[in-house]
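Only one structure is covered here, and it is reproduced in the block below.
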Amino acid sequence: MKKVLVTGVAGFIAAETTSQLVSSGVEVVGVDNLNNYYDPRLKQYRLDNLKKRFSVEFHHLDIENYQGLEKIFKTHRFDAVLNLAARAGVRYSLVNPNVYFSTNLMGTLNLLELMRAYSVPKIVLASTSSLYAGEAMPFSENSSVNRPISPYAASKKAAEQLCYTYSFHYGLDCSVLRYFTVYGPAGRPDMSILRFIKWVDTQQELTLYGDGEQSRDFTYVEDIARGTISAARPLGYEIINLGGGRAPVTLNQIIRWIEDGLGKKARVVQKAAQKADMVDTQADISKAYRILEWSPQVDVPEGLRRTINWYLENRDFIAKINLDEN
C-alpha cells in the first residue's frame, strides 16, 4: 500500500494504526469528526501526537458527510480505506440508537459508494466481539451472530452485511475485523481500564457493575493495530477475530493487578450488572493466525503495566479528562 484513508483517525485504535502505517512508509489521509461521545480532549491529544511525529493530512469531517468525503476521494487515489470510525459503546446505544445507525451503517455506505465510484479496491471494517452474545466460547467467525443485544452490535452487524453486498456485486475486497476489548495507553475513558486506573490512583470509588467475575479477552492496542494493517492485504470478503487468544481475565483480576501496579487499594462499589453487557468473551483467533499470520504479542500483565506507566506519565492531563459515562 502507498496511500490509505483512515477514518476515525483520532480514535484509540485508529491513532495507533496510523502511527504504524506511517512508520512503515504508507501515506495516510485521516478524517475524524472529534465528537463528544467521550471527552474530545483525549482525541485531540492523540491527534496532536500524530501531527508532532508524522506528516498526516487531517480533515475534520464526519463520515456521514458524503459531499465532504467525495472531495477527498476526488483529490487522492487510495489503495485502501480503513474504516475505524464508529459510534462506540454498548450502554449508550440503548439511550441514543439513531446515531449508531447513522454513523456505523450510513457512514459505511458512504465510503462503499465512493470506493465504487473512485475504484478503491480494499476496505477494512472495524467490527465488534459484541456480536457474539449468546454464542458458545471461544467465539468463532462461523457463528451466526443473529442475536445482537444492543443497537451498537446490531449496527455493526448491518455494516458487515452491507460490506458483503458490495463485495458480491462490485468485487470490493473487504476484511471485517471483530475486535475484542482493546486497551492500552491513551485508551478510551469510557472503558474499564483507564477508569479503574484513575479511580484506584485517586482513591475515588470504583464503580463495578456485577460481581466482577465477568471476563474479557483483553487485547493490547499495538497488537490490534498490527492485525488491522495485516488485514489490508487482498483477501476477498473475510470476517476475522482479533483478540487476546488466551484465557479471559476477570475484572476482579484486572483490579488486583492495578492495585499492585499503583501500590494502592481500590474502593470498590458494586452496582447491578448491565443487561446489554456480555458476561464473558473469548476469541478463537486461529483464522487470524492462518490467513494473516497474526497473533498477539503482548499479554495482559505486560500491557497493563505499560498502560499504568503511561497514566503516571500523563497523570496531570488525565486528571482533567471527564470519565463520566453517557
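The values are calculated or read from the model by the stated rules, or taken from the named source; none is laboratory data. From a predicted model like this one, the values you see are computed outputs, not experimental measurements. Cβ sites come from the backbone with ideal geometry, for glycine too, and all protein chains shown count toward neighbours. In case anyone asks, the SASA skips ligands and DNA or RNA and just uses the protein heavy atoms, side chains included. Shrake-Rupley method; radii C 1.70, N 1.55, O 1.52, S 1.80 Å.
If you roll a 1.4 angstrom probe over the protein chains with everything in place, what fraction of the accessible area of the chain belongs to carbon and sulfur, to the nearest %? The partial results should precede the final answer.
Working: 6560 of 13770 Å².
Whole-percent figure for carbon plus sulfur exposure: 48.
Once the cut-off is 19 Å, how many percent of the Cα-Cα pairs in the range 143-200 end up in the long-distance tail?
Values: 845 of 1653 pairs.
Pairs farther apart than 19 Å: 51 percent.
Long-range amide H contacts for residue 281: which residues qualify at under 5 Å (H placed 1.01 Å from N, peptide plane, sequence gap of 5 or more or a different chain)?
Here 215, 216, 217 satisfy the definition.
What helices in the chain pass both tests, a Cα length along the helix axis of 18 Å or more and a mean Kyte hydropathy of -1.0 or higher, using whole DSSP H runs? Please report the intermediate quantities before stating the final value.
On the way: long enough: 40-53 (20 Å, -1.94); 151-170 (28 Å, -0.54); 300-313 (19 Å, -0.58).
Span-like helices here: 151-170, 300-313.
Considering amide H positions built from the backbone, and no H for Pro or chain starts, which residues 5 or more places from residue 294, or on another chain, come under 5 Å of its amide H?
Here the answer is 289, since their amide H atoms fall under 5 Å of that of residue 294.
Ignoring everything but the protein chains, give the 1.4 Å probe accessible area of residue 99 in square angstrom, nearest 10.
Surface accessible to solvent at residue 99 totals approximately 20 Å².
Toward the positive end of the charge dipole of the chain, about the Cα centre and with charges on Cβ (Lys, Arg +1; Asp, Glu -1), which of 310, 155, 239 goes farthest?
So the residue furthest toward the plus end is 310.
Mind ordering 274-286, 238-250 by average Cβ neighbours within 10 Å, highest first?
Working: 274-286: 18.2, 238-250: 21.3.
By packing density, highest mean first, the sequence is 238-250, 274-286.
Decide, for the range 194-326, between rounded, prolate and oblate: order the square roots of the alpha carbon gyration tensor eigenvalues as a ≥ b ≥ c, take rounded if a/c falls under 1.5, and otherwise choose prolate if a/b is larger than b/c, else oblate. Don't jump to the answer; show the numbers that get you there.
On the way: a/c = 2.21, a/b = 1.68, b/c = 1.32.
Taking the square roots of the gyration eigenvalues as a ≥ b ≥ c, the range 194-326 is prolate.
Could you list, bin by bin from short to long, the percent of Cα-Cα pairs of the range 51-185 in 5 Å steps?
Binned Cα distances yield the sequence 2, 10, 18, 20, 20, 15, 9, 5, 1, 0.
What is the range 1-115 by shape, rounded, prolate or oblate, if you read a ≥ b ≥ c off the alpha carbon gyration tensor as root eigenvalues and call it rounded for a/c under 1.5, prolate for a/b larger than b/c, and oblate otherwise?
Values: a/c = 2.07, a/b = 1.25, b/c = 1.66.
Because a/c hits 1.5 or more and a/b fails to exceed b/c, the range 1-115 counts as oblate.
Give me the accessible area per residue for the range 122-218, probe 1.4 Å, as a whole number in Å². Could you put the intermediate results ahead of the total?
Details: 3200 Å² over 97 residues.
That works out to 33 Å² per residue.
Aspartates and glutamates within cross-link reach of residue 320: Cα-Cα under 12 Å, excluding same-chain residues under 8 positions apart?
Counting by Cα, and skipping residues close in sequence, residue 320 has these aspartates and glutamates nearby: 39.
Please work out the C-alpha center-to-center distance from the range 1-55 to the range 63-135 and express it in whole Å.
15
Which far-off residues, 5 or more places away or on another chain, put their amide H under 5 Å from the one on residue 178, with H placed in the peptide plane?
For residue 178, the qualifying residues are 127, 240, 241, 242.
Can you pull out the GluC sites (Glu not before Pro) in the range 255-326 that DSSP calls coil and that have at most 14 other Cβ atoms within 10 Å?
Details: sites: 259, 293, 302, 313, 325; in loops: 293, 325.
Answer by residue number: 293, 325.
Quick check on packing: order 176-187, 193-204 by the mean number of other C-beta atoms within 10 Å, highest mean leading.
My ranking of the peptides, most packed first, is 176-187, 193-204.
So if we plug the beta-carbon distance of residue 295 and residue 98 into 1/(1 + (r/R0)^6) with R0 = 41 Å, what FRET efficiency do we get, rounded to 0.05? Write down the numbers at each step before the final one.
On the way: r = 38 Å, r/R0 = 0.93.
It comes out at approximately 0.60.
Taking a ≥ b ≥ c as the square roots of the Cα gyration tensor eigenvalues, with a/c under 1.5 meaning rounded and otherwise prolate when a/b beats b/c, else oblate, which class fits the range 84-152? Working shown, then result.
Details: a/c = 2.95, a/b = 1.39, b/c = 2.12.
Because a/c hits 1.5 or more and a/b fails to exceed b/c, the range 84-152 counts as oblate.
Once fully extended, how much extra length lies between residue 60 and residue 144, figured as 0.36 nm per residue of separation less the alpha-carbon to alpha-carbon distance? Show your work: numbers first, answer last.
Details: separation 84, 0.36 × 84 = 30.24 nm, distance 3.67 nm.
Length gained between residue 60 and residue 144: 26.6 nm.
Got a sec? Which residues in the range 123-167 would a label at residue 209 touch, if it sits 7 Å along Cα→Cβ and we count backbone N under 16 Å?
Correct set: 129-134, 149-154.
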